[in-house]
Amino acid sequence: LSGCARSLGLAVEGHSRTLAQRSALSPDLTLALARMKAVGESEHLVKVFVRLEPDADRQTEHWWAESEALWAFPLGEDAYELRNIPWETDALHHQDIVRCRRTEDGRLQVVDVLQRGGHATLRITFAEGVPAVRRGEAVQQLESLIGFSEKISDQHWAFDVNPTGDLN
């Protein structure tokens, strides 16, 4: 992928793979999730917030933000399934199931990962001067190979690498 990325004028900012971990979900919640995915739910998404932790130098992961807001589907029992691709945090991915608690100001704060969705995230940055047409072609090509994308800005895109996708 890195050779392909260079030829398309992309800078691959990194990705991380997640392996499905043992489920911490209750049997009732697991059944509700299976039904929801089988039947299809009416989307009623809420915003959840993940705190961006400081790195070893006590700097925030991204100096311009203390937290990242993500769209999530409420599953019950304080569990939520993430429905967009995180850009700021490397710790979460599309379709991870997280536990949230309300903060004093009423926001839903991610406090734990209950189950990994098996997805990974690929973040790309187009080089300066890459024409919009070329960026569009690259995005379409990557989507056909690995999964859907979200535009962060004209130069920055995040791609969901679904469990059947391959970054190698």
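The HN-Hα couplings worked out from phi for the range 143-156 by the Karplus form 6.51 cos²θ - 1.76 cosθ + 1.60 (θ = phi - 60°) are 4, 5, 8, 10, x, 6, 10, 10, 7, 8, 7, 4, 9, 10 Hz, whole numbers, x standing for Gly and Pro. Taking amide H as placed 1.01 Å from N in the peptide plane, THR121 has its amide H under 5 Å from the amide H of SER16, VAL161, each at least 5 places away in sequence or on another chain. Residues whose amide H lies under 5 Å from that of VAL113, counting only those 5 or more places away or on a different chain, are ARG99; hydrogens are built 1.01 Å from N in the peptide plane. One quarter of the convex hull surface built on the alpha carbon atoms of the range 77-145 amounts to 6.6 nm², the projected area averaged over directions.
3J(HN,Hα) couplings calculated from phi for the range 86-95 with the Karplus curve 6.51 cos²θ - 1.76 cosθ + 1.60 (θ = phi - 60°) are, in sequence order, x, 10, 6, 9, 8, 7, 10, 9, 3, 6 Hz; Gly and Pro show x.
Within the accessible surface of the range 56-162, defined with a 1.4 Å probe on protein heavy atoms only, the carbon and sulfur portion equals 47 percent. Per-residue Karplus couplings for the range 113-124, computed as 6.51 cos²θ - 1.76 cosθ + 1.60 with θ equal to phi - 60°, are listed in order as 9, 8, 7, 7, x, x, 8, 10, 10, 10, 10, 10 Hz, Gly and Pro entered as x.
The values are calculated or read from the model by the stated rules, or taken from the named source; none is laboratory data. This structure is a prediction, so every number in the text was calculated from the model and none was measured. To get the accessible areas, we keep the full protein, side chains included, count just its heavy atoms, and leave off ligands, DNA and RNA. Shrake-Rupley method; radii C 1.70, N 1.55, O 1.52, S 1.80 Å.
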